[in-house]
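Notes to accompany the following structure.
The values are calculated or read from the model by the stated rules, or taken from the named source; none is laboratory data. Here the structure is a predicted model, which means the values were calculated and not measured. For neighbour counting, all protein chains shown are included, and Cβ atoms are generated from backbone atoms with ideal geometry for every residue, glycine included. The accessibility values were calculated without ligands, DNA or RNA, using every heavy atom of the protein model including side chains. Shrake-Rupley method; radii C 1.70, N 1.55, O 1.52, S 1.80 Å.
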Amino acid sequence: MDKKRIIKSTCRMCHGICGVNVHLEGDRVVRVTGDKDSLTSKGFICTKGAASPELLYHPDRITHPLRRKGSKGDNQWEKISWDDALNEMAEKLSRIKKESGPEFFGLTQGTGRPYVDFASRFAYAYGTPNYTGIAHICYLPRMMATAFTLGSLQIPVSDVYGFGGVKPACIMIWGCNITELGAVHGICSKTFLTALKNAKKVIVVDPRKIGPAKKADHWLRIRPGADGALALAMIHVIIKENLFDDAFVKNHTTGFNKLAVHVRPFTPAWAAKITRIKEEEIIEAARTYAIYSPASIQWGNAIDMSLSSFQTARSLMILRAITGNIDVPGGDALWVAPDNVKLKSLYVNAEMPGNLLLPLHKYHRALDGTKVNIPLKLPKRMLLKSLEVIKNKYYDRISKISAKKGAIARLKLLNRLRAPKFPVMPIVHPPTFWRSIADADPYRLRALWVLGTNPMVNMTNPHIVEKALSMMEYTVVSDFFLTPTARFADLFLPAATWLEQDDINNHLKIWCVTARKKVAQIGDVMDDREVMIQLAKRLGLEKAFPWENYQHFLNDMLADTGLNFEQFREKGIITGKMRYRKYEEQGFPTPSGKVEIFSKSLKNLSVSPLPVYRDPLESLQQKYDDKNDYPLILSAGGKIQHYFHSEGRQIKSLRKRQPDPEVEIHPSKAKELEINDGDWVWLETKKGRIKMRAKLYDGMDNDIVNAQFGWWFPEENAPEYGWRQSNVNILFGDEEYDPDIGSESLRCAYCRIYRA
Ligand SMILES: Nc1nc2c(c(=O)[nH]1)N[C@H]1C(S)=C(S)[C@@H](COP(=O)(O)OP(=O)(O)OC[C@H]3O[C@@H](n4cnc5c(=O)[nH]c(N)nc54)[C@H](O)[C@@H]3O)O[C@H]1N2
Ligand SMILES: Nc1nc2c(c(=O)[nH]1)N[C@H]1C(S)=C(S)[C@@H](COP(=O)(O)OP(=O)(O)OC[C@H]3O[C@@H](n4cnc5c(=O)[nH]c(N)nc54)[C@H](O)[C@@H]3O)O[C@H]1N2
Ligand code: SF4
Ligand SMILES: [Mo]
């Protein structure tokens, strides 16, 4: 019989926070279970994590590089070697750089996956500003709000571990479904649930009666898209009733008096009309949040998808600040990363994303810059010279003093160079990126690397994505499977899954790094980071990728710990030394050294320096003169428990749990429309319609429908894989965007629904 072994590792079927035991029989991974000894997850494992071996051994996985045969999009391939694949790609990229300039290459990625530390670094080192992803609707609005308020790219996180001996007395869950999803942005749901049980007061802000809402002290059943109004009204109440933390406000914030005047009109009565939450409930919840201390806000992705994503996130940061909850035990923690591991998190290690590798004058050519076609006006030499000075200063500051100050400084600088449409968007705006390829405006990219993302399903306006992909001269896709996106590749690079990776797992989990261990190798798959290191050699980018191979990179990251990767694997975890109230000694890394309630930096970018609210329904109403034809409010997204985004539909155990795409509809509305539970229905907006299964759900208002996102059907015919049938993003075309950061209102749109 094959020898049985258990290897401890870190799961990566989502953002990766759970410690797991990988069970092997001989060389075969037979099971993955939760690790009771894990400090982050205490034995938890979700269905996705447990399905990891199914992903590893899936028969549809592509395990060798493929080159397109036949015409683009036909899904006809020939197997080639890695050497051929990398040589071809390097040759192509070198040629394009020489003929047209590096900006004619673009790179797009998905949410944080293991490759995340390398992707932007690769693009910037190559010399293109055209790096993008999905961040405008995921995390970035909250991250940039943190940058402009605390001066830091490090987002405060609910102190669920209670390292300071105190856990939150009050937890406000805002647009976040962590208890169902398994893990959200670096917190495991089990750890969160323990903290939740411990809290004296729980507030839930969600249009749906999610698990914790059932027992919450306040369930604020908010109308979708109205979060910004509620947040402002809560600030109003807390200031009016003198419930703020006087000492913290006095000593550690700027602009409080301006805020107090600014929020006067944002009364609970004003917000009640917009949010559908009773005035009294708003007041009571604000009191609870302010009085029960320490309090923390567990915020979620719903905030990132409105027409005031950035501003709402600013309001929530301000709520945290004026109640004195930032960086205190049991409040909203700012983790201390292990200080001797070079690779902490890209959010605290500003070197890793490689922003500084891009020559400044190249920013000028970004696809979403309004200046792109205008020649630099100042004598070019002079301008570039002064920019070099700023850049050097900036380099220095960013690496030596703090990544945080650098973030704002960088953005301001980029704004001067790029004049982007969305002033607080630090990378190319994704919808504009795709539109620009389709329209060749301001110019058409010649080569594109789609690295671990499926934009045909996760992007709004997917018809434009399709058009863009079909027009590209040369597209490389890195993935595990052939997807509706990969179909358009000229070159397909098969990626390693987490069971095939060694890693210093760092993503977001910044009070520790944990080990991930390679236990298998299927076919010729390769870690995306090894791919980039090997490509860098061929492209002369060794300065940015100075490692012989990926193993050397890992050892380099650990060099100051006294451990090599093997030893780290044995140890399993390196933790930072948690300290709270760091601001008392070092202030906040903002220009003023304080929490910037009023932000001059924003004012300089022509962004409201105090938080405001924009109602998506108001602007939608102007466009819908036939509003009666689309009488329901659509929340289009929300993550699915058993899948990570558009992944996993080919994994049997997961598909069994969630076989069909679902749209939730209130039973009374369903009755009115003669829809039964489980019926196939058409869900339609002005932009298109899709088919989903109706799921009757009474935990929300009767004019709201809530649709899943991420659907395509790997079992259906290639090359389309049914991507048009149930893809919720078909319902969104050219949208109105949040003017600050470019997000779409995906949680609040008008729709109608009827039996198919
Ligand atoms: N299982 C699983 N886990 C995941 C992921 C996954 O795909 N699957 N994805 C990961 C990623 S990248 C992300 S971004 C996170 C996202 O995870 P979360 O931050 O939890 O966000 P969502 O699940 O998108 O939505 C959270 C909640 O928002 C509510 N909601 C809908 N509209 C509104 C609104 O207008 N206002 C408010 N306040 N609430 C609203 C929904 O009812 C839902 O309960 O999850 C991560 N974890
Ligand atoms: N309407 C609507 N749209 C949304 C959302 C919503 O709520 N509503 N949510 C948004 C959010 S929050 C996010 S984060 C995005 C998600 O967008 P993405 O993060 O891009 O997720 P996927 O669409 O699943 O595409 C990821 C692809 O990468 C592959 N993959 C997985 N891991 C690796 C790896 O390590 N290496 C490589 N090379 N490939 C890998 C998978 O097989 C899959 O095909 O979608 C966004 N789009
Ligand atoms: S929550 Fe994420 S990290 Fe944890 S077991 Fe599930 S997929 Fe793995
Ligand atoms: Mo996300």
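Here are some notes:
- Cross-link pairs beyond the 27 Å C-alpha cut-off, checked among K200/K695; K421/K639; K48/K214; K603/K623: K200/K695; K421/K639; K603/K623
- Label point of T370 set 7 angstrom out along Cα-Cβ; within region 117-145, no amide nitrogen lies under 17 Å from it.
- Derived value for region 579-627: Kirkwood hydrodynamic radius 14.1 Å. Basis is the mean of 1/r over every pair of different alpha-carbon atoms.
- Gain in span if fully extended, K209 to S470, counting 0.36 nm per residue against the direct Cα distance: 89.7 nm
- FRET efficiency for D2 and D629, using Cβ-Cβ distance with R0 set to 56 Å, rounded to 0.05: 0.35
- Taking the average, over residues, of other Cβ atoms within 10 Å as the packing measure, peptides 312-318, 468-474, 67-73 rank 312-318, 468-474, 67-73 from highest down.
- Given R0 = 56 Å, the distance between the Cβ atoms of E279 and Y443 translates into a calculated FRET efficiency of 0.60.
- Here the gap between L673 and K543, fully extended at 0.36 nm per residue and compared with their Cα-Cα distance, gives a gain of 40.5 nm.
- Between K197 and D339, the FRET efficiency estimated from the beta carbon spacing at R0 = 35 angstrom works out to 0.60.
- Cα extents of region 615-663 along the three principal axes, largest first (Å): 45, 20, 13
- Full extension of the chain between D83 and N702 gives 217.1 nm of extra length, using 0.36 nm per residue less the Cα-Cα distance.
- Simple spin-label estimate for A419 and S100 in nanometres, 7 Å along Cα-Cβ: 2.4
- Using Cβ point charges alone (K and R +1, D and E -1), the dipole size of the chain about the Cα centre works out to roughly 1480 debye.
- Extents of region 59-203, largest first, come to 63, 41, 25 Å (Cα atoms, principal axes, whole angstrom).
- With the simple model of a label 7 Å out from the Cα in the direction of the Cβ, E715 to L243 spans 5.1 nm.
- Debye log10 I(q)/I(0) at q = 0.10 Å⁻¹ for the chain, Cα point scatterers: -1.03
- Label zone at Q76 (point 7 Å along Cα-to-Cβ), backbone N below 11 Å, region 448-468: none
- Within the accessible area of the chain (1.4 Å probe), percent carbon and sulfur: 49
- Inter-part distance where region 1-35 and region 41-106 are each reduced to a Cα centre, Å: 25
- Residue-normalised accessible area of region 95-227, expressed per residue, 1.4 Å probe, Å²: 25
- Inter-label distance, R581 to E91: 6.5 nm, where each label sits 7 Å from its Cα along the C-beta direction.
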